[in-house]
1. Taking +1 at the Cβ of each Lys and Arg and -1 at the Cβ of each Asp and Glu, which of S125, F20, C108 sits farthest along the dipole of the chain towards its positive end, judged by Cα position relative to the Cα centre?
2. How do I126, I11 rank by accessible surface area computed with a 1.4 Å probe, from largest to smallest?
3. Among D200, D28, D168, D23, what's the order by accessible area (1.4 angstrom probe), most exposed first?
4. If the cut-off is a Cα-Cα distance under 29 Å, which lysines reach K60, setting aside same-chain residues fewer than 8 apart in sequence?
5. At 1.4 Å probe radius, can you tell me the per residue accessible area of the chain in Å²?
6. Remind me, relative contact order of the range 1-151 in percent, using alpha carbon pairs under 8 angstrom and six or more residues apart?
7. How much solvent-accessible surface does H138 expose, in Å² to the nearest 10, with a 1.4 Å probe and all protein chains in place?
8. Which of the three applies to the range 19-78, rounded, prolate or oblate, going by the alpha-carbon gyration tensor with a ≥ b ≥ c and a/c under 1.5 meaning rounded?
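The values are calculated or read from the model by the stated rules, or taken from the named source; none is laboratory data. Please read these numbers as outputs of a predicted model, since none were measured by experiment. Heads up, the Cβs are rebuilt from the backbone with ideal geometry, glycines too, and the neighbour counts pull from every protein chain shown. What goes into the accessible areas is simple: the full protein's heavy atoms, side chains included, and nothing from ligands, DNA or RNA. Shrake-Rupley method; radii C 1.70, N 1.55, O 1.52, S 1.80 Å.
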Amino acid sequence: MPSEMTVLEGINSLRSVRKFRPDQIPEDKLKVVLKCASKAASGSNTQPWEFVVVGDAKVKARLKEPMLRTWLERLAGSSGMSPRMRDVYDEATAMLRNTEKVPIIVYCCVDLDRVGKSEEVRYASIYPAVQNLMLAAHALGLATCLTVHGSTATRGEPEVKKVLGIPDHVKVACLVYLGFPAVRLGRPKRKPIEEFVHYDRW
């Protein structure tokens, strides 16, 4: 990690970016990001993560179809959305439509044979690795966007797993779009901790 970005600086400035430059990611940077992901905690140190790194535009185009189709179906069934949420969803739709143009997509998966049976342990054993991946990418000047497209039956997971050859005992938890940012965003806006932190009791 470059000395100019501390862990705390990275945490406080990490943003989801949905617009990426077409530049390819150097292999050495990608390896650093993936190695950092592997340093995360997991239930009983099972390290059940599996990462499918997709850079081939033709493969990404095949993955886009089920993810975009199921996303548009979900949107068609929603109503009463606020203007702010509509803007967010429009950005998400645009990103999905440009899936094959994003330099790298990392499908973050859990090997169900290597982790406890409870759902909470499974997800607790993958999301710390995903956060590590995103923070490491940020420290190296890359941008990320975490989504759950392709992670459930209603989000295209069966088709995604078929395209990528992911075996039955492996679950897609989420995916991370990865590339150099085409936009620069300010620090994330968050509620003050006084609004959600409780000490000793609610």
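1. F20
2. So the residues, ranked largest to smallest area, are I11, I126.
3. Accessible-area ranking of D200, D28, D168, D23, largest first: D200, D168, D28, D23.
4. Qualifying lysines at Cα under 29 Å: K19, K29, K31, K35, K39, K101, K161, K162, K171.
5. I get 58 Å² per residue for the chain.
6. 46
7. 40
8. oblate
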